[in-house]
Amino acid sequence: MAGRQPRSDASFAAYPAAVSTADPQVAFFDAVRAAFERIAAAGAGAQRSYRVAGRHVTLRFADRTLVAAITPALAHLETADPGEASLTVGLWSGAPGGVALPLPPWAIGDYYGNGEIRGYDGRIRAAFDIPLGMLTLFDRERRLGLFWLRDASHVPITIVGTPLRGLFQWWAGDDGRQLVHAAAVGTPQGGVLLAGKSGCGKSSTAMLALQNGLQCAGDDFVLVEADSPSGPWVHGLYSSAKLDPLALARRFSELASRTHGRGRAEHEKAILFLHDQWPARVSAGFPVVAIAVPHVANRTETSISPTSAAFALRAMLPSIFPLPGARQSAFDRLAALARQVRTYALDLGTEPAGILQALHQMIAGEASCR
Amino acid sequence: MPGDCLRWNVPKVTSELFDDEVVIVNFESGRYHSVRGAGVVIWNLLREGATRAGAVAACRARYTGGDQVDTEVLAFLDRLVDEHLAVANPSCPAALVASPASGLGQVPFEPPVLTTFSDMQDLLLLDPIHDVDDDGWPTTAK
C-alpha cells in the first residue's frame with residue numbers, strides 16, 4: 001500500500017486553472033475547489049492512488065474524516081504508482097476550520113430526484129443528495145472531481161459499498177464506459193454479467209460463484225465497455241458485495257461475521273468486501289460473453305433460456321436513471337453491449353450445483369444461443 | 001387535422017429497434033417502454049414522420065386483419081401520444097407508399113403492444129422545496 005502518509009501535495013495545482021471564470025459553473029467549481037485547498041493546506045489529509053479500468057485515479061482527502069468510509073471498497077485497486085492521474089478527486093466533510101462550502105449558485109427548484117442539478121450537463125457536472133447532504137462536482141475538461149459530505153459520522157452503507165458512483169460515471173462516460181447495476185462473474189477468458197434489480201439474486205449468485213472458484217469483477221456496480229479493443233469488457237470497480245440478512249442467514253452464514261453494517265436497519269443489506277475473503281478471485285476485469293437476467297424461482301432446479309437482447313437491455317435500463325450524466329450515451333452503450341453478447345433469462349433454483357452448472361454453461365456458450 | 005402527422009419525440013425520447021421489439025426511453029418522464037407486434041413497424045414509420053392515415057395504410061398493406069388493423073393502429077398511436085413518445089410533426093414527409101414489407105405478401109396482424117415501466121420515474125422528477133441550512137444548502141424537511 002502506498003501513500004499512507006498524510007501530505008498536502010500540489011496535484012490539483014498541476015492542472016491548468018480555469019481559462020476564464022466568465023462561466024458561472026466553472027467559477028463555482030473553482031470556489032468549491034478553493035475551499036478544499038484551504039482545508040488541505042492544514043496538512044492533515046491523506047492521498048490514495050488507484051488503477052481503475054486501466055487508468056490512474058487519485059483521491060486526495062483534505063482531512064481524514066472520509067478515509068475509512070470511501071477507501072475499503074476500492075482497496076483492491078490501490079497502487080503504489082500514482083502515475084499520471086486521469087481523474088483526481090478532492091474529498092472532505094463538514095466545515096473544518098470553519099471553512100464552509102460556497103453558496104450554491106442554483107435555485108432551490110433545480111434539484112432532480114436523483115440529485116442532479118438542472119443545467120449542469122456540460123463541462124461542469126453537479127449533483128447534490130439532499131437527504132445525505134452530499135455534493136459531487138466534476139470538471140470534464142480538467143478531469144477534476146470534488147466530493148463533500150455534510151456529516152461523516154453517519155455514512156450510509158450504500159456509500160461505503162459503492163463510493164463516488166456519480167463521479168466515476170461522469171469520468172468513465174467520457175471514455176465510453178458505463179456504470180451498470182450488475183454483478184460480473186467468470187474467468188479471465190470470459191464471464192457473465194448478471195443484470196437486474198435488487199433482490200433478483202445477483203449477489204447470491206456471485207457469492208456462490210466465488211465460493212466455487214470463479215472470479216468476480218463486482219457484485220453491485222461494474223463498468224462495462226461495449227466497444228473496447230478486446231470486445232465487450234467489464235471492468236471491476238468495487239470489491240463490495242451487498243447481502244440481505246435472509247441470504248446471509250440461510251446461505252452464507254459463514255460470511256456473516258465478516259460483513260459490515262449489519263444491524264443499522266432491520267432490512268438493510270450488509271457489506272462484504274470480497275478482496276478480504278477471496279483476494280485472488282476479485283478480478284480487474286474480463287471479456288463479457290453473456291448477459292443473464294436472474295430471477296428467483298421457487299423451485300429446486302435452475303434453468304437458463306436464451307432471451308432477446310431487448311430483454312437484457314430492459315434489465316439494465318434502471319441503471320441509467322439513478323446515475324447522473326448523459327443518458328442518451330448511457331442508453332447507446334448498454335444497447336450496444338446487449339447486441340454483442342449472448343443473452344439469457346436465468347431462473348435461479350435453490351440447489352447450488354444447478355446454479356453453478358448454469359453459470360459455466362453460459363460462460364462456455366453451451367446453452368443454445370438466441 | 002392538427003397533430004395528424006406524428007414523429008418520435010426526440011431528443012426527449014430515444015429508442016433501440018431490435019428484431020421483434022423496440023425499447024423506448026422517455027428521459028423526461030423517467031418511464032421506459034417495450035413495443036411489440038405491429039408496434040415495431042409503426043414506430044419505425046414515425047422515425048421521419050407519418051400521418052395516422054399513412055400508418056394505417058401501411059399496416060393494411062402489410063397485414064391481413066381488415067378493420068381490426070385500423071382500430072388497433074389508431075389506438076396505439078394515441079397511446080404513443082399520451083405517453084409523450086410521439087408528437088405532432090408540422091411538416092410531414094410525402095405520403096407513405098403502402099406496400100407489403102416483402103414479396104411474400106401480407107402476414108397475419110399482430111396487434112401493437114406497448115408495455116410501460118415506471119419504476120424509475122420518481123428519480124427524474126424535480127424535488128419539492130426543501131429546508132435550507134445555515135450555509136444555504138438544502139436539507140430534508142425537519
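Taken together, the values in this text are just the output of simple stated rules run on the coordinates, not laboratory data. Note that the coordinates shown come from a computational prediction; the quantities given were computed from them, not determined experimentally. A quick note on method: Cβ atoms are made from the backbone with ideal geometry, for glycine too, and the neighbour counts reach across all protein chains shown.
Lysine pairs in the protein assembly as shown whose alpha-carbon atoms fall under 25 angstrom of each other, counting only those eight or more residues apart or on distinct chains, come to 6.
Taking R0 as 25 Å, what FRET efficiency do you get between B:ARG47 and B:ASP119 from their Cβ-Cβ distance, rounded to the nearest 0.05? According to the calculation, E is roughly 0.35. Using the Kyte-Doolittle scale, which helices in chain A average at least 1.6 and also have C-alpha atoms spread 15 Å or more along the helix axis, with helices defined as whole DSSP H runs? Result, helices passing both filters: zero. The HN-Hα couplings worked out from phi for the stretch A:121-128 by the Karplus form 6.51 cos²θ - 1.76 cosθ + 1.60 (θ = phi - 60°) are 10, x, 5, 9, 10, 9, 8, 9 Hz, whole numbers, x standing for Gly and Pro. Using all pairs of distinct alpha-carbon atoms, the Kirkwood hydrodynamic radius of the protein assembly as shown works out to 24.7 angstrom. The distance from the alpha carbon centre of the stretch A:142-201 to that of the stretch A:45-104 is 15 Å, rounded to a whole number.
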